[in-house]
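The values are calculated or read from the model by the stated rules, or taken from the named source; none is laboratory data. All values reported here derive from a predicted model rather than from experimental measurement. Neighbour counts run over all protein chains shown; Cβ positions are idealised from the backbone, glycine included.
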Amino acid sequence: MDNKVPQRLMSQINSFIIGKEDVVESILICLLAGGHVLLEDVPGVGKTTLAKVLAGCVGGDFGRIQFTPDTLPTDVTGLSVYNAKTGEFEFHTGAIMQNILLADEINRTSPKTQSALLEAMAEGQVTVDGNRYPLKDPFMVIATQNPIEFLGTYPLPEASLDRFMMRLSIGYPEKDAEITLTRYALEGKTPDQITPVCSLSDICEMRKEVASVSVSDKLLAYIRDIIELTRKEEAFVMGASPRATIFLASAARACAYLQGRDFVKPDDVKAVCVNTLHHRLTLTSQARIRKADIDSTLRNLMLKAKVPME
């Protein structure tokens, strides 16, 4: 694979998502590592646009499901419908049968509907009436949620949060970036006009190349040390899971790949650590009283972990 393809991909996305290069890079890291992303932010900052632009740049199918309190699990996975003419049940696909699925405002729907995504995110398939249906390859969920203090929200349980490789926040744009975005809107520049930079087969090939990026035993021990420190940290209710260890190593490999290397450095782990672990950790009541911060605590823990010699 041409090592310039990831850079062209980032450049194309950045031409629509102005001034958010770090978010775009993190999204690509998750895509190439086979992970899913949770975007938590206030409405109107470009979460849907980001998902559409990503799908357009890779030439993939894009689907969007707006979660509401009355959304059913079958709206996500699909359902079997009886055909009176043939006398058989036919499977009608749900919104999840896409390459890039935007699960919009996922915390506005019930826990039962939220859980409909779990099998798809973990195993790349859905099971309906005992029958398994594979999802498209590649497949990625980009879920959005409003801040918990907003009305009409159902907090995602830990089991659901743990399925996401990263939690990201786009945030408000800088002054010049917002003026440019407004100009694009007035001129009618939309994600529908985007030109694909690569194909879905290119993404699958890049995923294979990411999977071949070398991670030394010393680097794995370093990652494990960081995870262990979260489990011992008194400010957290509980530490990160073994799945977090795997996701952190996978994200670090994709980060190294985007830098043009075939091996992981400690800096790659540091670059993805906070976004990968933040949503898996909860502060204790005492820590909240002290006004502790998850991100700052994580950065302090990384300083405590022994960095392996390169």
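Numbers at a glance
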quantity	calculated
Where Leu219 falls short, out of the listed (1) surrounded by fewer than 16 Cβ atoms within 10 Å (Cβ to Cβ); (2) under 29 Å from Lys4 (Cα atoms)	(1)
Any hit, segment 47-69, residues being within 30 Å of Ala249 (Cβ to Cβ) and at pLDDT below 90	yes
Filter pass, Pro134 being loosely packed, with under 13 Cβ neighbours inside 10 Å and either at pLDDT 90 or above or not assigned by TED's automatic domain parsing to the domain that holds Cys30 (or both)	yes
Segments classed as helices (runs of 4 or more DSSP H), wholly inside segment 168-250, with at least 1 members that are among the charged types (D, E, K, R) and within 17 Å of Met302 (Cβ to Cβ)	217-232
Residues within segment 259-295 that are assigned to a loop (DSSP other than H, G, I, E, B) and among the small types (Gly, Ala, Ser), tallied	2
Some residue of segment 273-281 being loosely packed, with under 15 Cβ neighbours inside 10 Å and either touching a strand residue (DSSP E or B) at 6+ places or on another chain (Cβ under 8 Å) or of a type in the set (S, T, N, Q) (or both)	no
Hits in segment 175-194 (condition: touching a Gly at 6+ places or on another chain (Cβ under 6 Å) and at pLDDT 85 or above)	Ala177, Ile194
Where Ile203 falls short, out of the listed (1) exposed (fewer than 14 other Cβ atoms within 10 Å of the Cβ); (2) touching a residue at least 40 places away in the same chain (Cβ under 8 Å)	(1)
Complete set of residues in segment 1-25 that are over 12 Å from Leu54 (Cβ atoms) and not acidic (Asp, Glu)	Met1, Asn3, Lys4, Val5, Pro6, Gln7, Arg8, Ser11, Ser15, Ile18, Gly19, Lys20
Residues satisfying the stated conditions in segment 242-264, i.e. over 20 Å from the mean Cα position of the chain (by Cα) and aliphatic (A, V, I, L, M)	Val264
Number of the exception - Gly239 against (1) surrounded by fewer than 20 Cβ atoms within 10 Å (Cβ to Cβ); (2) in contact (Cβ under 8 Å) with a residue 40 or more places away in the chain; (3) within 30 Å of Ala55 (Cα to Cα); (4) within 21 Å of the chain's Cα centre (by Cα)	(3)
Filter result (farther than 17 Å from Arg167 by Cα and charged (D, E, K, R)) within segment 227-265	Glu228, Arg231, Lys232, Glu233, Glu234, Arg253, Arg261, Asp262, Lys265
First in segment 283-310 and in contact (Cβ under 8 Å) with a residue 24 or more places away in the chain, second anywhere and of a type in the set (D, E, K, R) and assigned to a loop (DSSP other than H, G, I, E, B), Cβ under 7 Å, 6 or more apart	Thr297/Glu233; Leu301/Glu233; Glu310/Lys265
Of residues in segment 105-129 being assigned to a strand (DSSP E or B) and of a type in the set (A, V, I, L, M), the one surrounded by the fewest Cβ atoms within 10 Å (Cβ to Cβ)	Val128
